[in-house]
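Heads up, the thing below is written out as structure tokens.
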Amino acid sequence: MGEEREQEKGKKKSGEFQVITEDQLDPQFKYEIIKEPGGENFLRCMQCGTCTASCPVKAIDPDYNCRRIIRMALIGDKESVLKSKFIWMCSTCYSCYERCPQDVKITELMFALKNIAVKYGYIHPSIKAQLDLLEKFGALLEISEFENRMREKYGLPKINQSPEKVKKVLEKEKIKDVIEGDS
Amino acid sequence: MDYALFLGCTVPARSLGYDISVRKVAKDLDINLIDVEGFSCCGFPTASIHRETSLALAAINLCLAEERNLNIITLCNSCTAYLTKVNMILKNNKETFEKVNEVLKANDLEFKGTIDVKHISRLLYEDIGTVKIEKTVKRSLDGIKVAPIYGCHYLKPSSIYNKFDDPEMPKSLDSIISATGATSLDFPEKILCCGGAILAIDENASMGMTHIVLDSVKSLEADAMATICPFCHLMYDEYQATIGNKYGKDYNIPSLFFSQLLGLAFGHEAKELGLKFNAVRTKNLVKKIMGGEQ
């Protein structure tokens, strides 16, 4: 019996998902989530699937399934949740948030999960790149001489980007340590 | 009335047509938009990484507007939701208020909670009113079919917006479009997400989302789409041809910022409204609108 289970562990089922065994689960994970701002209502989920049915990302990519992400988090499949690309695929459209009959506030829950993932050192590279831009320009896009000449040509006021205030906040919040997962 | 104009990151760099036309239209409606030195990112991009940082980044902008005693007018849906939300949190949650003000000390700023934030479309709908818009129209858009594109964060989460519109069946943008004489098309996809937010995460999913809306608009034989967010514009205008190629469709639907359409209705010429910055050509649409004038 034990041997069989050993064999089963890690074996791919239906070519996609791995069998989950108890030793992979962290029963404390759900409490970690409800402590994170945005995750407060997470335990209310009754798995009705309204979120998934409302999700415009799911309409295109059937693998993206927010109800399943919530279930995985509820049973404590922490590593799979935090490592997965799926939490970064939420387009934050708030359709599920509006329609959830249990007011789980799923979009906010996704933000909470991403914040937790970052603490453990999992961050999507595109988001990391945005931080560099914020530090440099105080914005996600640079307004260089070229843009300003264009703006002036069309009667728009020149923009002097001033990243100093943004930089000070990033420094005070130790954002570099945060994204290294050292917080 | 005076307002602080919050452009955000994308508009001043990539959506000049929005920047130009909003200022034109605001002037026509006696709205005085003031550029505030020092506005930076709204904070939303860092909400996924570190909530506390994002709250402080949003608060920088709120404080700068407070110092000038000006309410903020936004153009981008994401900036709108984030600044509105953080403003609400800081006004109502003492613990967060104190934490954020502690961080802001490094910048000699202090959040007080004295101003409000509104999207330009909401301002037109709620404060200016469609009657005034109707009165300002010099060139009716009668006979033009327009697909209103609401995007997400303009309406949702509805809990931060004091129910100014219905997130499932909105009408604010429709009524602004109707005030120009144009026909505002009713279709369920008008509230769908453009996919722009995950373009850098998953291009396939992102463009797939855009194509669903474009398909619907195409089937309605719309003359134009009207957007109120630079990300929607990016997807429906700049990426329209790319998405068309990917899905084997020839969309060719002019996608205008709603302020560009208003500008045309208010009697401005295409070149005064930055239409040359639109990727999908608007020449035929403008011709149809000008009708007898040309």
Reported to the nearest 10 Å², residue B:175 has, with a 1.4 Å probe, an accessible area equal to 40
Looking at this model, which pairs from B:27/B:249; B:138/B:276; A:158/B:27 are more than 27 angstrom apart at the alpha-carbon? B:27/B:249
Accessible surface, the protein assembly as shown, averaged per residue in Å² (probe 1.4 Å): 44
Grab the stretch A:30-131 and count how many Lys pairs have their alpha-carbon atoms under 21 Å apart, sequence gap of 8 or more, or different chains. 28
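Scan the stretch A:118-169 for trypsin sites (Lys or Arg not before Pro) in coil per DSSP, keeping those whose Cβ has at most 15 other Cβ atoms within 10 Å, and list them by number. List each step's numbers first, then the result.
Values: sites: A:119, A:128, A:136, A:149, A:151, A:153, A:158, A:165, A:167, A:168; in loops: A:158.
Sites meeting the loop and neighbour criteria: A:158.
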Can you work out the Karplus-derived ³J(HN,Hα) for every residue in the stretch B:138-144? Use 6.51 cos²θ - 1.76 cosθ + 1.60 with θ = phi - 60°, whole Hz, and x for glycine or proline. 10, 9, 4, 8, 3, x, 9
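If you take each beta carbon of peptide B:151-162 and count the beta carbons of other chains within 10 angstrom, what is the mean?
Values: counts 1, 7, 3, 0, 2, 7, 7, 3, 5, 0, 0, 0.
Mean partner shielding for this stretch: 3.
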What residues qualify as long-range amide H neighbours of residue B:181, i.e. H under 5 Å apart, gap of 5 or more or another chain, H built at 1.01 Å from N? B:141
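To the nearest 500 deg cm²/dmol, what mean residue ellipticity at 222 nm is calculated for chain A from DSSP H runs of n ≥ 4 alone, each contributing -39,500 (n - 2.57), summed and divided by the residues? Present the calculation step by step, with values, prior to reporting the outcome.
Values: 12 runs with 95 residues, N = 183.
So the calculated ellipticity at 222 nm is -14000 deg cm²/dmol.
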Tabulate in residue order the Karplus-calculated ³J(HN,Hα) for the stretch A:76-81, using 6.51 cos²θ - 1.76 cosθ + 1.60 with θ = phi - 60°, rounded to whole Hz; enter x for Gly and Pro. x, 7, 4, 4, 4, 5
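So for the protein assembly as shown: antiparallel DSSP bridges make up what percent, rounded to the nearest 5? Kindly include the intermediate steps, with their values, before the conclusion.
On the way: 2 of 22 bridges.
Antiparallel: roughly 10 percent of the beta bridges in the protein assembly as shown.
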Long-range amide H partners of residue B:255 with built H, under 5 Å: B:225, B:280
Taking beta carbons within 10 Å but only from partner chains, what does the mean come to for residues A:103-115? 2
Note the angle between two axes, namely the Cα long axis of helix B:16-28 and the longest principal axis of the Cα atoms of chain B, as a number of degrees from 0 to 90, rounded to the nearest 10. 90
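How large is the Kirkwood hydrodynamic radius of chain B, in angstrom, based on all distinct alpha carbon pairs?
On the way: mean 1/r = 0.0513 Å⁻¹.
Averaging 1/r across every pair of different Cα atoms and inverting gives 19.5 Å.
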Filtered hits (lysines, Cα-Cα < 17 Å from residue B:112, offset >= 8 within chain) -> B:85, B:91, B:94, B:99
I'd like the GluC sites (Glu not before Pro) in the stretch B:159-239 restricted to DSSP loop residues with at most 14 other Cβ atoms within 10 Å, sorted by number. B:168, B:221
Top positive-direction residue, dipole computed over the stretch B:2-119 with Cβ charges, set B:49, B:26, B:71: B:49
Taking θ as phi - 60°, what are the ³J(HN,Hα) couplings along the stretch B:75-92 by the Karplus curve (6.51, -1.76, 1.60), each to the nearest whole Hz, with x for Gly and Pro? 10, 9, 4, 5, 4, 4, 5, 6, 5, 5, 5, 5, 4, 5, 4, 5, 6, 10
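Quick one: buried accessible area between A and B, total over both chains, 1.4 angstrom probe, nearest 100 Å²? Each step should come with its number before you reach the end.
Working: alone 12150 and 13400 Å², together 20780 Å².
Between A and B, the summed buried area is about 4800 Å².
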For chain B, set up a GNM with springs between Cα atoms under 10 Å and report which of B:218, B:85, B:271 has the largest fluctuation. B:271
Which GluC sites (Glu not before Pro) does the stretch B:6-104 hold that lie in a coil by DSSP with at most 10 other beta carbons within 10 Å? B:37
Positive-end residue, chain B charge dipole about Cα centroid, Cβ charges, pick of B:182, B:6, B:198: B:182
Given a 10 angstrom Cα cut-off, can you work out which residue in A:169, A:57, A:19 is the most mobile in a GNM of chain A? A:19
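Average projected area of the Cα convex hull of the stretch B:2-119, in nm²?
Numbers: hull surface 28.0 nm².
Result: 7.0 nm².
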Only helical DSSP H runs with n ≥ 4 go in: add -39500 (n - 2.57) per run for chain B, normalise by residue count and round the 222 nm mean residue ellipticity to 500 deg cm²/dmol. -12500 deg cm²/dmol
In nm, give the distance between the simple-model label positions of residue A:44 and residue A:171, each being 7 Å from the Cα along the Cα-to-Cβ direction. 4.2
Under a cut-off of 16 Å between alpha-carbon atoms, report the aspartates and glutamates in cross-link reach of residue B:288, not counting same-chain residues fewer than 8 places apart. B:142, B:221, B:223, B:269
Expressed as a whole-number percentage, the relative contact order of the stretch B:2-119 with C-alpha contacts under 8 angstrom and at least six residues apart is 29
Could you work out the mean count of beta carbons from other protein chains within 10 Å of each residue's beta carbon in A:154-161? 6
Give me the dipole magnitude in Debye, nearest 20, for the stretch B:2-119 about the Cα centre, with unit charges on the beta carbon: positive for Lys and Arg, negative for Asp and Glu. 340
Taking 25 Å as R0, compute the FRET efficiency from the Cβ-Cβ separation of residue B:102 and residue B:162 and round it to 0.05. 0.30
If I compute solvent accessible area with a 1.4 Å probe over the protein chains, what percent of it on the protein assembly as shown is carbon and sulfur? 49
Counting alpha carbon pairs within less than 8 Å and at least 6 residues apart, what relative contact order, in whole percent, applies to chain B? 20
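The values are calculated or read from the model by the stated rules, or taken from the named source; none is laboratory data. Remember, it's a predicted structure, so these values are computed and weren't measured experimentally. Cβ: placed from backbone, ideal geometry, glycine included. Neighbour counts: every protein chain shown. We work out accessible area using only protein heavy atoms, side chains counted, and drop any ligands, DNA or RNA first. Shrake-Rupley method; radii C 1.70, N 1.55, O 1.52, S 1.80 Å.
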